Amino acid sequence: MKKYTLLCVGLCAAMAFTSCKSSESAYKKAYEKAKQYDTATTQAPSTDNSAVVAPVEARPATETRVVDNLDNVSVRQESVLLVSGSGLKAFSVVVGSFGLISNAEGLQQRLKSAGYDAQIVKNEDKNMYRVVASTFAGKADAVYSRDQLRATYPDAWLLYNAR
C-alpha cells in the first residue's frame, strides 16, 4: 500500500514539474510582439510637437562650488564670520565642521598644539562652526596645504570666503 502511494505521489510531482515549463514558442511570440511595437513607434511620426517643460524655480544660491579650470580643484564658497583666530585670507583649509562650538574649540586646540594657526569661523546660513587649519591668499598654496592635511584629516576641503 505504501509503495503505491509513494509511486502516485512521485508521478504527480513529475507531471506537475514537466507541465509547468514554458515553451519556446511563448517566448518567441512575446519577442515578436515587442519587436513589432518597437518598429511601429520608431516609424510613426509624432503628431504632438509640444514639449513638456518643468517650471524653473529661481532660488538664491547659499553655497556654490568654484572650480578652476586650470587645476580642477573644487572650492566651496561660503559666507563666514570669524569667531576665534587671527583672521582669514581668501582661501582656507577646513578640517572640521561642528554644530557645537565646544567641539570646534577642542579641534582648534589640537591643531594649535600640532603647530597650526587654527581658527574657528561660523557659517550663519547653516549654523555650523568650521575649523580652519590654515589660510592662504593663493589657491595653489591652499591646495598644497589641504593635500598635506588629508593625511590626518581625510575630509579636509577648501573654503573661499565670500565676504
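Reachable lysines from LYS33, Cα under 29 Å, same-chain residues fewer than 8 places away excluded?
Answer for LYS33, where 29 Å is the Cα cut-off: LYS21, listed by chain and number.
If you take the alpha carbon radius of gyration of the range 89-147 and divide it by 2.2 N^0.38 Å, what ratio comes out, to two decimals? Present the calculation step by step, with values, prior to reporting the outcome.
On the way: Rg = 11.3 Å, N = 59, 2.2 N^0.38 = 10.4 Å.
Working it through for the range 89-147, the quotient is 1.09.
Each value in this text was obtained by applying a stated rule to the coordinates, not by laboratory testing. Fair warning: this is a prediction, and the values are worked out from it, not measured in the lab.
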